[in-house]
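Enquirer: What follows is a structure written as structure tokens; I'll ask about it next.
No lab work stands behind these numbers, since they all come straight from the coordinates. It should be emphasised that the depicted structure is a prediction, and the values quoted were computed from it without experimental measurement. Every residue, glycine as well, gets a Cβ built from its backbone with ideal geometry; the counts of neighbours run over all protein chains shown.
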Amino acid sequence: MISLPGSSRICLDMPPPGLRRFAVSTSVCTLMLVVAGALVTSNDASLAISDWPLNWGKLVPPMEGGIRYAFAHRVAAAVVGALVVILAAWQQSREPRAWMRRLGWAAAATVLAQAALGGAMVRLIDPKSLSIAHACLAQICFGLTVAIVVGHFPSLPGAPANASSGPAPTLAACALFLQTILGAAVRHGAMTAVPHIAGAVVATAFAMWAGLQVLMRHMENAPLRRAATLLLALTFSQVFLGFAAYASLAATADDPQPMPVMIWATVAHVAVGSLAFGAAIALTMIIFRRDKPTRPDLARGGMAGA
Amino acid sequence: MKKIWIAVGVMGALTFAGCGGGEKTETKQAETAAPAGGAATPDLTNGATITGKVVFDGAKPVMKTIDMSANPTCMNAHKAAPQKSEEVVINDNGTVKYAFVWVKAGLPDQTWQVPTSTVELNQIGCMYQPHVIGIMAGQNIDIKNSDPTNHNIHPMPAVNQEWNESQPPGSADKMQSFPRQEVMVPVKCQIHNWMRAYIGVVSHPFYAVTGDDGTFSLKGLPPGTYTIQVWQEKYGTQEQQITVGAKDSKTLDFTIKG
């Protein structure tokens with residue numbers, strides 16, 4: 001690792017491309033796990049399996065009704081847990097940047113904490129506070145894997161030092177995360193939808209501020225432009241899905257069971273919310289990154305160069 | 001890079017700051033003592049009787065059909081006629097089934113004898129039977145699984161202790177009770193997310209659940225002025241006051257507007 005004048009630390013020993021692909025796969029699997037968790041909640045199946053770590057006293061429970069969702073979530077969690085720990089260990093051995101190694105272990109710590117929290121939820125009969133914390137920690141874990149993925153693409157040029165976007169992307173990420181807390185509180189019956197709706201206005205404003213500011217200042221920078229556009233598109237989609245989720249909940253309130261339209265609207269709302277949070281983190285990472293590559297092959301394209 | 005760590009730290013702090021709360025709150029409901037030698041029983045000879053019915057006023061609501069396709073065993077149990085939701089059940093005579101009627105206030109401050117008999121809550125055809133039951137605090141509920149499929153029983157009380165237990169087919173009955181008065185305790189099965197039941201837990205014996213004729217009867221009440229409450233799953237609660245003397249027999253009807 002060397003330092004160049006006018007620039008930050010530069011990594012000449014980049015991690016292998018396999019590690020990068022593994023990081024991307026892990027992040028995608030983490031998002032799938034978030035979706036699996038949302039399916040459990042939307043199908044009202046969170047306590048279909050009343051024991052933990054076993055399932056109805058067995059490794060594989062009888063597959064019927066809500067047990068399928070709960071068990072699939074447990075299996076997915078085990079897989080993602082293993083992936084994240086492997087990612088952290090792999091980064092520890094091959095990743096030259098200390099902050100990246102720390103991100104890996106932070107993700108591993110959150111996924112292990114998440115497993116413990118999931119078990120506590122079952123043992124303590126799903127207290128709202130734990131359910132909300134479980135949903136929030138899932139977002140943090142996904143956000144960390146997104147940060148790791150962005151960190152593995154050093155070819156993305158950072159923002160020029162004289163054209164900072166200020167705190168907007170960071171604030172947008174914080175606002176979107178705060179929205180996930182409020183959303184989880186609504187989903188788990190801890191509060192009414194009003195704070196979440198008010199939070200949506202604030203989060204959308206921050207996302208617009210961040211996205212539009214980056215677009216205006218860095219239109220020539222393709223990665224930044226793409227990340228900002230993605231953040232705006234996901235945020236607006238999320239607002240639409242929020243309306244759809246609320247409307248579907250209201251429309252099916254008299255139904256004797258969770259209806260598919262409500263299930264898919266709420267699950268999509270959770271998934272796109274995670275993606276918007278991930279996009280805000282990616283934008284923040286790209287804006288603030290300091291590890292620009294100097295090798296020409298890396299500068300042309302991360303995957304090809306690596 | 002330092003800013004990224006600051007951002008991560010802020011988000012972590014937000015999680016733990018924002019994820020608290022949700023604790024159950026105690027209500028003003030009285031806690032019932034364990035059965036004691038001096039516990040009172042309804043005086044069926046000299047006590048008053050309140051009878052009545054719960055009438056539905058309005059167009060009979062059409063209940064939705066439950067989709068049991070997630071479990072073929074459940075679906076096969078209702079091959080002849082698809083199961084409708086039991087949220088509102090209107091009897092042929094225009095009365096309401098599964099309304100819980102109880103003396104909410106007015107009883108003397110004393111401990112009442114808890115019956116040694118159990119109240120059955122069966123799981124049959126992937127439905128709870130009956131949909132609404134009443135028990136005294138401390139009285140046992142006999143939970144049966146008559147289905148050839150798995151169920152879990154998850155009552156969600158606000159005052160009493162919450163629990164969640166699995167009950168495979170053919171397994172022994174489960175005996176459970178709630179020590180504190182609570183009207184109503186929702187019960188659900190999270191394997192079959194349409195299964196709902198409600199348990200009225202009362203610290204005295206003056207309660208009833210309306211049946212196929214929509215009537216109720218509260219017998220052996222001491223003389224006094226009482227607040228009688230009726231609860232219905234969809235339409236909520238109604239209250240009326242009534243004064244009775246010894247050996248009185250009075251009628252008190254409730255009308256639920258649709």
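Enquirer: Based on the Cβ-Cβ distance from B:THR227 to B:ALA81, what FRET efficiency comes out when R0 is 41 Å, to the nearest 0.05?
Expert: My answer for the efficiency is 0.55.
Enquirer: Can you tell me which of B:150-159, A:137-146, A:277-286 comes out highest on packing, and rank the rest after it, using the mean Cβ neighbours within 10 Å?
Expert: A:277-286, A:137-146, B:150-159
Enquirer: Provide A:THR266, B:THR225 in ascending order of the number of other Cβ atoms located within 10 Å of each residue's Cβ, fewest first.
Expert: Sorted ascending by nearby Cβ count, the order is B:THR225, A:THR266.
Enquirer: Right, another one. Using the Kirkwood formula over every pair of different C-alpha atoms, what hydrodynamic radius in Å results for the stretch B:69-218?
Expert: Taking the inverse mean of 1/r over all distinct Cα pairs, the stretch B:69-218 comes out at 16.3 Å.
Enquirer: Follow-up question, since we're still on this one. Output the Kirkwood hydrodynamic radius of chain B, Cα pairs only, in Å rounded to one decimal.
Expert: Result for chain B, one decimal place: 20.5 Å.
Enquirer: On the principal axes of its Cα set, how long, how wide and how thick is the stretch A:11-154? Give whole Å, largest value first.
Expert: Sorted from largest, the Cα extents of the stretch A:11-154 read 52, 28, 22 Å.
Enquirer: To continue, here is another question. Whole number please: convex hull volume per residue, Cα atoms of the stretch A:166-295, in Å³.
Expert: That works out to 111 Å³ per residue.
Enquirer: With all pairs of different alpha carbon atoms counted, what Kirkwood hydrodynamic radius in Å does the protein assembly as shown show?
Expert: So the Kirkwood estimate lands at 26.8 Å.
Enquirer: Label points 7 Å out from Cα along the Cβ direction at A:ALA205 and A:LEU124: separation in nm?
Expert: 3.5 nm
Enquirer: What ranking do A:SER46, B:SER177 get, fewest neighbouring Cβ atoms within 10 angstrom at the top?
Expert: Ordered by Cβ neighbours within 10 Å, fewest first: B:SER177, A:SER46.
Enquirer: A follow-up question, please. What ranking of B:GLU182, A:GLU95, B:GLU120 emerges when the number of other C-beta atoms within 10 Å of each C-beta is taken as an exposure proxy, fewest first?
Expert: Taking fewest neighbouring Cβ atoms as first place, the list is B:GLU120, B:GLU182, A:GLU95.
Enquirer: Between B:VAL62 and B:LYS257, what is the label-point separation in nm under the 7 Å Cα-to-beta-carbon projection?
Expert: 2.4 nm
Enquirer: With the Cα gyration tensor of chain A in hand, convert its eigenvalues to equivalent ellipsoid semi-axes via √(5λ) and list them largest first in whole Å.
Expert: 36, 24, 14
Enquirer: Also, quick follow-up: Mean residue ellipticity at 222 nm from the helices of chain A, using -39,500 (n - 2.57) per DSSP H segment of n ≥ 4 over the full residue count, to the nearest 500 deg cm²/dmol?
Expert: Here the helix-only value at 222 nm equals -24500 deg cm²/dmol.
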